[in-house]
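Notes for the one structure printed next.
The values are calculated or read from the model by the stated rules, or taken from the named source; none is laboratory data. Quantities reported herein were computed from a predicted structural model and do not represent experimental measurements. Cβ placement follows ideal geometry from the backbone for every residue including glycine, while neighbour counts extend to all protein chains displayed. Just so you know, the surface numbers come from the protein's heavy atoms only, side chains and all, with ligands and any DNA or RNA stripped out. Shrake-Rupley method; radii C 1.70, N 1.55, O 1.52, S 1.80 Å.
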Amino acid sequence: MVASYLSLEKGVIQKRVKKLKNQLRNCNICARECGVDRLGEERGDCEVGEKIRISSVTPHFGEESPLVGTNGSGTIFLASCNLSCVYCQNYELSQFRQGNQATIDHVAEKMLELQERGCHNINWVSPSHFVPQLVEALTKAKEGGLEIPIVYNTGGYDNPETLKLLDGIVDIYMPDIKYSSNRAGLKYSKVPDYWDVSRKAVGEMWDQVGDLTLDERGIAQKGLLVRHLILPEGVAGTEEVLKFLAKEISEDTYVNLMRQYRPCWKASEYEKLNRRITGEEYYQAVDFARTLGLHRGLSQG
């Protein structure tokens, strides 16, 4: 299977880039819809303007096995984030915005370098606030011979209208679903409508790419892969997240129930978050997923 974007005519992607960049003038790229003029270097909640900022570029072997394969996932870690999770394990990148400004040509070159190093995919990590810049870089990388799948690795707070412009460009969507309530999203990630937005976003993603498909080596080619970080004391509302996936998306959804939560950043200020999860909390979630018919990827966390 070849990457989806190889089937799109050059003019189609360029029209998408133009429309996405125009959205930066009154920014509604992500679900925050701040309305600032990022082309004029106004800053919204993500605190970045027009220029893309990259924290690191590397083959990564800590992702899910279908992404890693033998040669790694070609990760491009973006600086900043459109969420403000109080327990973020990468807060230096997401909240302090550690990284360097990069040109579109530089990003395209890095994609090609990752392909040359044998990576199985290009993995955009926290891309929601940089979609126009990434798609523009992809057009240049495609001209340079890029042909491996694109992974959209997101916190799940994405504008469905923006996602529609990625149809036929992104091969693998990998969203977090962090919570099953808007109240938890407001308290712990500082957005008022996380559950409402993430359900619509994940639905749009699945409509575009369907369930995750693997090649004969077990390497992901196309589809949806959902991550859910289990939080202590049931804070994340895990059961409702799983019900949503099984009943409204697909029982064949590839789900990584992650067990690696540890108190980071400001988590110690929140009583329910100030400890790791127990084995019992994790295995209860896995067992519940199986009772719903979910069966793919559950033991990766």
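Taken together, Gly156, Gly145 contain a single residue that is assigned to a loop (DSSP other than H, G, I, E, B), surrounded by fewer than 24 Cβ atoms within 10 Å (Cβ to Cβ) and at pLDDT 95 or above, which is Gly145.
Residue-level analysis places Val191 outside the set of residues that are outside any loop (DSSP other than H, G, I, E, B) and farther than 25 Å from Tyr282 by Cβ.
Report yes if Arg227 is within 30 Å of Glu116 (Cβ to Cβ) and assigned to a strand (DSSP E or B), otherwise no. In short, yes. Of all residues in segment 227-257, exactly one satisfies the criterion of being out of contact with any Gly (no Cβ under 6 Å at 6 or more places or on another chain) and within 19 Å of Gly72 (Cα to Cα), namely Arg227.
Report whether or not Thr253 is at pLDDT 95 or above, buried (at least 20 other Cβ atoms within 10 Å of the Cβ), of a type in the set (S, T, N, Q) and more than 18 Å from the chain's Cα centre (by Cα).
The answer is no for Thr253.
Filtered by the rule that a residue be open to solvent by less than 10 Å² (accessible area, probe 1.4 Å), under 20 Å from Ala102 (Cβ atoms) and either without any contact (Cβ under 8 Å) to a residue 24 or more places away in the chain or not in a loop (DSSP other than H, G, I, E, B) (or both), segment 26-74 gives Arg38, Gly49, Ile52, Ser73, Gly74. Hey, any hits in segment 206-224 for a residue that's out of contact with any strand residue (DSSP E or B) (no Cβ under 7 Å at 6 or more places or on another chain), within 29 Å of Asn159 (Cα to Cα) and among the acidic types (Asp, Glu)? Yes.
When restricted to residues that are touching a helix residue (DSSP H, G or I) at 6+ places or on another chain (Cβ under 7 Å), open to solvent by 30 Å² or more (accessible area, probe 1.4 Å) and among the aliphatic types (A, V, I, L, M), segment 78-116 contains 2. I'd like the residue in segment 259-273 that is touching a residue at least 12 places away in the same chain (Cβ under 8 Å) and not charged (D, E, K, R) and, out of all such residues, is surrounded by the fewest Cβ atoms within 10 Å (Cβ to Cβ). Of everything passing the filter in segment 259-273, Gln260 is surrounded by the fewest Cβ atoms within 10 Å (Cβ to Cβ).
The residues of segment 46-70 that are more than 13 Å from Val107 (Cβ to Cβ) and either among the basic types (Lys, Arg) or touching a Cys at 6+ places or on another chain (Cβ under 6 Å) (or both) amount to a single one, Pro59. Only one residue in Gln23, Gln101, Gln89 is of a type outside the set (Lys, Arg), in a strand (DSSP E or B) and farther than 30 Å from Asp215 by Cβ, so which one is that? The conditions single out Gln101.
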